[in-house]
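A.B. asks: Have a look at this one before I ask anything.
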Amino acid sequence: MKKIYLIDWNSFIYRMFFALPEFATKDWTIVNALFWMAKFFVSTLVKENPDYLIFVKDAPWDNFRNLIYDKYKATRDRMPDNLRSQIALIDEMIYKLWINVIEVSWFEADDVIWTLAKQFNWQKDIEVDILTWDKDLYSLVSDNIWIYDTMKKKKFWPIETREKFWIEPKLIIDYLAIVWDKADNIPWIDWFWPAKAIDLINYIWTVENIYDVAFKIEAWEKLEEIFPDFSSEDIKKISVCFKWKTFEKLITSKDDAFLSKRLATVELDVKLDDFSLDNFVFKPETLLSDEVLSFFDKYEFNSLIWENWVNKLQTWRDLGLNVYIIDNDENLDKLYGTIKNSTKISLDTETTWLDIMTAELVWISIYIDDKKIYYINRMHSWKTVSDEKLKEFINNIFALDLLIIWHNIKYDLEIIDRFLNSINIKKSDNNFWQISLAI
């Protein structure tokens, strides 16, 4: 699968700034947010290696929501001076890394992220990780679109999102229209705290539905008549929202509720002129450029320089290793001939994920000696071997009188076992589990 990281720039920068105590270089330049962003590139992105990286910024000054509600975000504190002073440095670093940033006038980053995510939502060969801490973007979560908290190393799929909010992702905007969002100064329905909002959303769903029910009750209809399929316990649970002072607040707050939903709703049709995903390919090798290393040296990021040089020194070329890419069936047959004449090999798998039930086999690495190292490509975008031929290859090497050395044997065997069974090619009789092991 292709992996896209969509990063909410403003949300991300704030999180980076407050993640570390302030510290400065020898000339008293505050660099805590800059350092944390650089470390995010060197440590997290290089290891996770997304195919595409898209930073999205809020438009400067006002956006279309300020025309709808002039107090939108009016109570938000101005950016701390010690963070503001680092923005130009972060921009400079992003430029040196050849990373493109999207910024659309009159729209917030959330709207652009929504528009982009909508394009990828039904493409099953694409995984979209949204790096943000804004609650409204959780409404985007689906089978292939996730919220990724890089600080906690936690991803929010539909199940995790329901556990966080106690409602379905698609109803989070309606939830935010009922409860007050202090960060954006969005109005709310007085007397409706999260627990009541959750009950209303789970039983009645949208803000529109809730007010449809409220006006029916105002016309003397009973909840039992409106919801004949509800149990007495269900009726009892939501009836408290349609009684006395709470009901009065609900009726008088109608305009605020619909205004809040409009403000919380992200715009799905932002016009992105000439957008091409190819312009956002992530190239981790740029982190090893002399220009980037010089930038890190200027701001005294010595640990990152060392980490970068370690990464650079450990590339195949610098270590003087002969690595052969096996990307067609003919070369796979030749590799089998080489392995037949060997007494032992080391074998490792690389997968799309760590969950054994959902991970897919991406490649197999085989080491015979320093001059015979092989990388069998199954899923990368360049040329690949066929699944049928790879399964035949695996069965054949497991049938040899051969010592196989593993790094993580239980996981690798389960991955290979699932792969061998995926298109009904029979494993060699008992050979799969009768492997000589050296741990």
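The values are calculated or read from the model by the stated rules, or taken from the named source; none is laboratory data. Keep in mind that what you see is a predicted model, and the values were worked out from it rather than measured. Note: ideal-geometry Cβ built from the backbone for every residue, glycine included; neighbour counts use all protein chains shown.
A.B. asks: Are there any pairs, at least 6 apart or on different chains, whose C-beta atoms fall under 7 Å, with the first in region 28-44 and in a helix (DSSP H, G or I) and the second modelled with pLDDT of 90 or more and of a type in the set (Phe, Trp, Tyr), and if so, which?
C.D. replies: So the pair list comes out as Leu34/Tyr299.
A.B. asks: Going by the conditions given, is Leu6 among the hydrophobic types (A, V, I, L, M, F, W, C) and over 25 Å from Arg78 (Cβ atoms)?
C.D. replies: Answer is yes for this residue.
A.B. asks: Please find, among Lys164, Lys152, the residue that is free of Cβ contacts under 8 Å to residues at least 12 places away in the same chain and either crowded, with 20+ Cβ neighbours inside 10 Å or in the same structural domain as Asp51 (by TED's automatic domain parsing) (or both).
C.D. replies: Lys152
A.B. asks: Are any residues in region 79-98 of a type in the set (A, V, I, L, M, F, W, C), modelled with pLDDT under 90, surrounded by fewer than 19 Cβ atoms within 10 Å (Cβ to Cβ) and at negative phi, and if so, which ones? So that I can check it myself, show each step before the final result.
C.D. replies: Kept after step one, since they are of a type in the set (A, V, I, L, M, F, W, C), are these residues of region 79-98: 79, 83, 87-90, 93-94, 97-98.
Checking the rest, the ones that are also modelled with pLDDT under 90 come to 79, 97-98.
Adding the requirement that they be surrounded by fewer than 19 Cβ atoms within 10 Å (Cβ to Cβ) leaves 79, 98.
Answer for region 79-98, where residues must be of a type in the set (A, V, I, L, M, F, W, C), modelled with pLDDT under 90, surrounded by fewer than 19 Cβ atoms within 10 Å (Cβ to Cβ) and at negative phi: just Met79.
A.B. asks: Just checking, which of Asp51, Asp81 is without any contact (Cβ under 8 Å) to a residue 40 or more places away in the chain and of a type outside the set (A, V, I, L, M, F, W, C)?
C.D. replies: Numbers: Asp51 fails: without any contact (Cβ under 8 Å) to a residue 40 or more places away in the chain.
Step by step, each of Asp51, Asp81 is checked, and only Asp81 is without any contact (Cβ under 8 Å) to a residue 40 or more places away in the chain and of a type outside the set (A, V, I, L, M, F, W, C).
A.B. asks: Among the residues of region 1-59, count how many are of a type in the set (S, T, N, Q) and either closer than 30 Å to Ala359 by Cα or within 14 Å of the chain's Cα centre (by Cα) (or both).
C.D. replies: The qualifying residues number 3.
A.B. asks: Go through Val240, Val213 for me and flag whichever is hydrophobic (A, V, I, L, M, F, W, C) and surrounded by 13 or more Cβ atoms within 10 Å (Cβ to Cβ).
C.D. replies: Val213
A.B. asks: Report the residue count in region 59-73 for those that are touching a helix residue (DSSP H, G or I) at 6+ places or on another chain (Cβ under 9 Å) and either at pLDDT 85 or above or loosely packed, with under 14 Cβ neighbours inside 10 Å (or both). Steps first, please.
C.D. replies: Just the residues of region 59-73 that are touching a helix residue (DSSP H, G or I) at 6+ places or on another chain (Cβ under 9 Å), to begin with: 59, 63-65, 68-69, 72-73.
Applying the additional criterion that residues be either at pLDDT 85 or above or loosely packed, with under 14 Cβ neighbours inside 10 Å (or both) yields 68.
Residues meeting the conditions: 1.
A.B. asks: What pairs come up if the first residue lies in region 208-220 and is assigned by TED's automatic domain parsing to the domain that holds Ala197 and assigned to a helix (DSSP H, G or I), the second is surrounded by 13 or more Cβ atoms within 10 Å (Cβ to Cβ) and of a type outside the set (A, V, I, L, M, F, W, C), and their beta carbons are under 7 Å apart, counting only those six or more places apart or on different chains?
C.D. replies: Going by the 7 Å Cβ cut-off, the qualifying pairs are Tyr211/Lys254.
A.B. asks: So, one more: Among the residues of region 110-157 satisfying the criterion of being more than 10 Å from the chain's Cα centre (by Cα), aromatic (Phe, Trp, Tyr) and not in a loop (DSSP other than H, G, I, E, B), which is modelled with the lowest pLDDT?
C.D. replies: Here the residue is Phe120.
A.B. asks: Here are some residues: Thr252, Thr246, Thr206. Which one is of a type outside the set (Asp, Glu), out of contact with any His (no Cβ under 8 Å at 6 or more places or on another chain) and loosely packed, with under 12 Cβ neighbours inside 10 Å?
C.D. replies: It is Thr252.
A.B. asks: Sort out which residues of region 339-357 are over 30 Å from Val128 (Cβ atoms) and surrounded by 15 or more Cβ atoms within 10 Å (Cβ to Cβ), and write them in order of number.
C.D. replies: If the condition is that a residue be over 30 Å from Val128 (Cβ atoms) and surrounded by 15 or more Cβ atoms within 10 Å (Cβ to Cβ), then Ile339, Ser342, Ile345, Ser346, Leu347 are the ones that fit.
A.B. asks: Also: For region 238-282, how many residues meet the condition of being among the acidic types (Asp, Glu) and part of a helix (DSSP H, G or I)?
C.D. replies: Going through region 238-282 one residue at a time, the tally reaches 4.
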